[in-house]
Amino acid sequence: MMNEETFHQRILDHLGNAVLVFNLEQQLVFINPAGEMLFELSARQAHKLNARHLFGEQGGKICHDLERTITSGVTLVERYLPLNLTDRKRIVHCTMTPLFKEERVNSVVMEVEDIVRYQQLSRDEQWLAQQNAVQQLLRGLAHEIKNPLGGLRGAAQLLSAELGSRELREYTDIIISEADRLQTLIDRLLVPHQAPQKIKLNIHQVLERVR
């Protein structure tokens with residue numbers, strides 16, 4: 001059975017945001033996998049690393065906020081904080097929360113949210129929503145077209161049965177053929193894209209039909 005410590009560790013390991021814990025000397029004592037990915041450092045490399053060195057150009061500001069959190073025991077939030085990480089620049093939201101032991105601040109938990117990543121996720125979700133809306137519109141349109149199309153094809157078949165002239169039945173055959181072609185086109189709009197199927201065709205039949 002999973003103990004409480006292991007359970008909490010698994011939660012931290014699966015969070016999408018970076019979670020870091022600093023001691024009172026502003027040294028990093030814990031970083032979750034999302035933090036390792038964001039800062040491109042392993043937990044072993046980052047252990048006991050000072051916040052000033054971890055955050056680069058913003059290290060001085062982060063250290064100042066960490067000191068304020070330790071002194072005041074109040075959660076601080078930094079929004080739209082630029083981070084220059086190797087050759088990448090990130091804009092993050094940063095939340096610093098004090099952890100208490102015997103009513104005194106013992107360490108600080110820092111959550112770093114990469115807003116560029118979430119903006120990308122938001123754009124992807126918006127694109128999926130638009131695609132779903134278009135798909136629903138196509139389904140509704142296809143339903144509205146298929147009903148009269150079926151009636152048109154059925155009427156052409158009945159009319160063809162009543163016509164005695166073979167030449168006149170050619171016209172009803174065209175109506176049926178075009179209705180079938182439109183039906184196929186609608187079906188293609190509603191299914192995933194497929195590679196075209198190539199078949200041999202007598203071009204003279206096509207020209208004769210057009211004529």
Rh (Kirkwood, all Cα-Cα pairs) for the stretch 1-48, Å, reads 11.3 Å
Under a plain spin-label model, where a point goes 7 Å from the Cα along Cα-to-Cβ, how far apart in nm are H204 and L99? 8.7 nm
May I ask you to list the lysines whose Cα is less than 27 Å away from that of K101, ignoring any residue fewer than eight positions away on the same chain? K48, K61
Note the full-extension length gain between V74 and L185 as 0.36 nm times their separation in residues minus their Cα-Cα distance, in nm to one decimal. 33.6 nm
Could you work out the mean projected area of the convex hull around the alpha carbons of the stretch 126-170, in square nanometres to one decimal? 3.9 nm²
Run the helix sum for the chain: -39,500 (n - 2.57) per DSSP H stretch of 4+ residues, divided by residue count, reported at 222 nm to the nearest 500 deg cm²/dmol. -19000 deg cm²/dmol
Computed on Cα atoms, Rg of the chain relative to 2.2 N^0.38 Å comes out at 1.98
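Can you give the charge dipole size of the chain about its Cα centre, rounded to the nearest 20 debye, using +1 on the beta carbon of Lys and Arg and -1 on the beta carbon of Asp and Glu?
700 debye
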Provide the gained length on full extension for the span A155 to H64, in nm with one decimal, where the gain is 0.36 nm per separating residue minus the Cα-Cα distance. 24.5 nm
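A short reminder: the numbers here are calculations on the coordinates, not readings from a lab. Since the structure is predicted, the reported quantities are computational estimates derived from the model, not experimental observations. Here the Cβ is made from the backbone with ideal geometry for all residues, glycine too, and neighbour counts use every protein chain on show.
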